[in-house]
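Structure first, then comments.
The values are calculated or read from the model by the stated rules, or taken from the named source; none is laboratory data. Everything numeric in this text was worked out from a predicted model, so none of it was measured. Glycine also receives a Cβ, built like all others from the backbone with ideal geometry; neighbour counts cover every protein chain displayed. What goes into the accessible areas is simple: the full protein's heavy atoms, side chains included, and nothing from ligands, DNA or RNA. Shrake-Rupley method; radii C 1.70, N 1.55, O 1.52, S 1.80 Å.
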There are 2 protein chains.
Amino acid sequence: MSKIKGSNAERELLNMLWGASWAAMRSAGSGSMHFPSPDLLAGNGIRRLAIEVKATKADKKYFQKDQIKQLSNFSQYFGAEPWIAIKFSRDWVFVNPEDLEDTGQNMVFHKKECENKGLDFDTLVRS
Amino acid sequence: MSKIKGSNAERELLNMLWGASWAAMRSAGSGSMHFPSPDLLAGNGIRRLAIEVKATKADKKYFQKDQIKQLSNFSQYFGAEPWIAIKFSRDWVFVNPEDLEDTGQNMVFHKKECENKGLDFDTLVRS
């Protein structure tokens, strides 16, 4: 995924979160830091979400194991739920790290598993 | 304050927070967003801090009222404590928004008030 496509997806999700009355903030990015950080942090006064954001036109999305581990670690230290947001073409799905499939070398989520394992945006922010 | 000096102060405080076992994240900045956002968000699993970071070599620091209001609003929506971190030359002080003095046009904090009103870093993160 290009950085631009990723940034656009982050901005779109930021808008969706504020539109649903969540406060959300984009990270300055890993380029300037030695520390793990999710792409977005969101809170509604009760829950906090640490979100890694990806966009793809393919029917599956791969993740490096280290990236998922950093998301889980940050979430645990901060006190937030770890979530992976994937935009498949036009459709967003929100996945728990433990719902990714371990291929041995890395982690993957298939678009066809959206209905079984993923949440849509409304369910994520209202659950 | 120059943007560079501000970024350096943000990075220094980010390091201090991780060193004190808090997870912390820098904001992508207001340039790319229409939404309010603090400079840093930090959490330790129990408390969350939304922090506006400033550095100055003067003996007082002025703030725009709108900036302080945005910090308070974000903190309320997110569910975090609002804090203003000021680095006076080498010394950090952490101040509540309500401890700033209202000059009418803007808000100000004087270095001489550090002992009465401000917290030092250790007290902030351990209180």
The listed residue being outside any helix (DSSP H, G or I) and either open to solvent by less than 40 Å² (accessible area, probe 1.4 Å) or not hydroxyl-bearing (Ser, Thr, Tyr) (or both), out of B:Trp92, B:Trp18: B:Trp92
Which numbered condition A:Pro97 misses (of (1) farther than 30 Å from B:Ile46 by Cβ; (2) surrounded by 15 or more Cβ atoms within 10 Å (Cβ to Cβ); (3) not hydrophobic (A, V, I, L, M, F, W, C)): (1)
Criterion violated by B:Gln76 - all others in (1) under 14 Å from B:Pro38 (Cβ atoms); (2) open to solvent by 10 Å² or more (accessible area, probe 1.4 Å); (3) under 13 Å from the mean Cα position of the chain (by Cα); (4) of a type outside the set (A, V, I, L, M) satisfied: (3)
One residue from B:Phe78, B:Phe63 being touching a Gly at 6+ places or on another chain (Cβ under 8 Å), among the aromatic types (Phe, Trp, Tyr) and in contact (Cβ under 8 Å) with a residue 12 or more places away in the chain: B:Phe78
Count of residues meeting criterion [closer than 14 Å to B:Ala28 by Cα, open to solvent by less than 70 Å² (accessible area, probe 1.4 Å) and over 12 Å from the mean Cα position of the chain (by Cα)] in region A:4-15: 1
Residue within region A:96-107 that is touching a residue at least 40 places away in the same chain (Cβ under 8 Å), more than 22 Å from B:Arg48 (Cα to Cα), in contact with a Phe, Trp or Tyr (Cβ under 6 Å, 6 or more places away or on another chain) and not in a strand (DSSP E or B) present: yes
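Inspect region A:60-72 for any residue being of a type in the set (D, E, K, R), assigned to a loop (DSSP other than H, G, I, E, B) and open to solvent by 20 Å² or more (accessible area, probe 1.4 Å) and give the result as yes or no.
Within region A:60-72, not a single residue is of a type in the set (D, E, K, R), assigned to a loop (DSSP other than H, G, I, E, B) and open to solvent by 20 Å² or more (accessible area, probe 1.4 Å).
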Hits in region B:29-53 - residues which are modelled with pLDDT of 95 or more and not in a loop (DSSP other than H, G, I, E, B): B:Leu40, B:Leu41, B:Ala42, B:Gly43, B:Arg48, B:Leu49, B:Ala50, B:Ile51, B:Glu52, B:Val53
Only one of B:Ser27, B:Ser21, B:Ser37, B:Ser72 that is under 17 Å from A:Gly45 (Cβ atoms), at the interface with chain A (Cβ under 8 Å from one of its Cβ atoms) and of a type outside the set (Lys, Arg): B:Ser37
